[in-house]
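To start, the structure itself, in structure tokens.
The values are calculated or read from the model by the stated rules, or taken from the named source; none is laboratory data. Keep in mind the model is a prediction, meaning the values are calculated, not measured. Every residue, glycine among them, receives a Cβ derived from its backbone with ideal geometry; neighbour counts consider all protein chains shown.
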Amino acid sequence: MRFNVLTAQGVQFQKELTPRRLYLIGYAGRDTAAQQAHIRELWEQYGIPAPAKTPSIFICDACLLTQRSDLHFVGGDTSGEAECVLFLQEGELFVGVGSDHTDRALESESVPKAKQVCPKPVGGTLWAFDGVRSHWDELQLSAWIGDGETETLYQQGSLAELLPPGQVLSELFARAGAIDPAAIYCGTVPVIGSIRGAKRFRCELYDPVLGRRLTCAYRAETEEAT
């Protein structure tokens, strides 16, 4: 996949990234008490079983990654969630934003299957990790859902709520071994209201220190199984 990469100094260049695997990190909150409450809520409201270990790691084929903005899903029970995305290649780290779009109906039966049946949109522009390393926790992650005419704020939080990149990578190396090259979806911030799908999903990673933002937006069309 080809991306535009921006450095902290404003230099822009193109980079071809070829992740071998896609890693989806779940239950990646730093506040363990809040995380346990969220796990109980998911079980009680949606029947989603608790993970055997936190953070959870789901391994998928990198072919699920897409930069397309027009996506089709079977059934009406899928929805997106904003995530910071790390790309690791030849020891270099790049930062993007994407959506871990998931089949919510299937989650109660099998979370790994629910993750694997949906493509994972990612924005076409990345930041060099060194440019945000010093102020990582200040980065803001947000998402909006809509019908094409109006938008509603769906998620909003900071990366200070999620495990830092070093800890995410340490967990991956300990449990999955050598992962380079890889794409890593690093977890999400809470939903405002209930988990729900929409025809349009837009997410953003905002850097208030350097005054810049990454975006990923797509249309989610649903089709009935035949």
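Among the residues of the range 52-65 satisfying the criterion of being surrounded by 16 or more Cβ atoms within 10 Å (Cβ to Cβ) and out of contact with any Ser or Thr (no Cβ under 9 Å at 6 or more places or on another chain), which is nearest to residue 18 (Cα to Cα)?
The residue in question is 65.
I'm told residue 150 meets every condition in (1) touching a strand residue (DSSP E or B) at 6+ places or on another chain (Cβ under 6 Å); (2) closer than 19 Å to residue 69 by Cα except one. Can you identify the failing condition by its number?
Single failed check for residue 150: (1).
Any chance the range 185-196 includes a residue that's of a type outside the set (A, V, I, L, M, F, W, C) and in contact with a Leu (Cβ under 6 Å, 6 or more places away or on another chain)?
Yes, the range 185-196 contains at least one residue that is of a type outside the set (A, V, I, L, M, F, W, C) and in contact with a Leu (Cβ under 6 Å, 6 or more places away or on another chain).
Count, please, the residues in the range 112-154 that happen to be more than 16 Å from residue 101 (Cα to Cα) and of a type in the set (Val, Ile, Thr).
Within the range 112-154, residues that are more than 16 Å from residue 101 (Cα to Cα) and of a type in the set (Val, Ile, Thr) number 4.
Please find, within the range 15-41, the residue that is farthest from residue 165 (Cα to Cα) out of those that are modelled with pLDDT of 90 or more, touching a Ser or Thr at 6+ places or on another chain (Cβ under 9 Å) and aliphatic (A, V, I, L, M).
Per the stated criteria, the residue is 24.
If you scan the range 23-76, which residues turn out to be closer than 16 Å to residue 170 by Cα and among the hydroxyl-bearing types (Ser, Thr, Tyr)?
23, 27, 54, 56
Hey, which of the strands (runs of 3 or more DSSP E) in the range 1-88, taking only ones fully inside, have at least 1 residues that are over 22 Å from residue 220 (Cα atoms) and touching a residue at least 12 places away in the same chain (Cβ under 8 Å)?
Passing ranges, in order: 2-6, 12-16, 21-26, 56-61.
Got a sec? Which of 175, 200 is loosely packed, with under 14 Cβ neighbours inside 10 Å, touching a residue at least 12 places away in the same chain (Cβ under 8 Å) and either under 30 Å from residue 89 (Cβ atoms) or not acidic (Asp, Glu) (or both)?
When all the criteria are applied, what remains is 175.
Conditions tested, residue by residue: (1) surrounded by fewer than 19 Cβ atoms within 10 Å (Cβ to Cβ); (2) touching a helix residue (DSSP H, G or I) at 6+ places or on another chain (Cβ under 8 Å).
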{"residue": "1", "(1), (2)": "yes, no"}
{"residue": "29", "(1), (2)": "no, yes"}
{"residue": "44", "(1), (2)": "yes, no"}
{"residue": "50", "(1), (2)": "yes, yes"}
{"residue": "77", "(1), (2)": "yes, yes"}
{"residue": "86", "(1), (2)": "no, yes"}
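Could we say that residue 149 is among the acidic types (Asp, Glu), modelled with pLDDT under 95 and closer than 23 Å to residue 49 by Cβ here? I'd like the intermediate steps shown before the answer.
Details: among the acidic types (Asp, Glu): yes; modelled with pLDDT under 95: yes; closer than 23 Å to residue 49 by Cβ: no.
For residue 149, the condition - among the acidic types (Asp, Glu), modelled with pLDDT under 95 and closer than 23 Å to residue 49 by Cβ - is not met.
Going by the structure shown, is residue 118 over 26 Å from residue 170 (Cβ atoms), assigned to a helix (DSSP H, G or I) and not charged (D, E, K, R)?
So residue 118 does not fit the description; no.
Of all the residues that make up the range 125-167, how many are acidic (Asp, Glu) and outside any helix (DSSP H, G or I)? Spell out how you get there, then give the answer.
As a first pass, look at the range 125-167 and keep what is acidic (Asp, Glu): 130, 137-138, 147, 149, 151, 161.
Filter again for outside any helix (DSSP H, G or I), leaving 147, 149, 151.
Matching residues across the range 125-167 total 3.
Give me the residue from the range 111-137 that is at pLDDT below 95 and β-branched (Val, Ile, Thr) and, out of that set, surrounded by the most Cβ atoms within 10 Å (Cβ to Cβ).
Step by step, filter the range 111-137, then rank; the result is 111.
What number of residues in the range 93-114 are assigned to a loop (DSSP other than H, G, I, E, B) and out of contact with any Gly (no Cβ under 8 Å at 6 or more places or on another chain)?
Adding up the residues that qualify gives 2.
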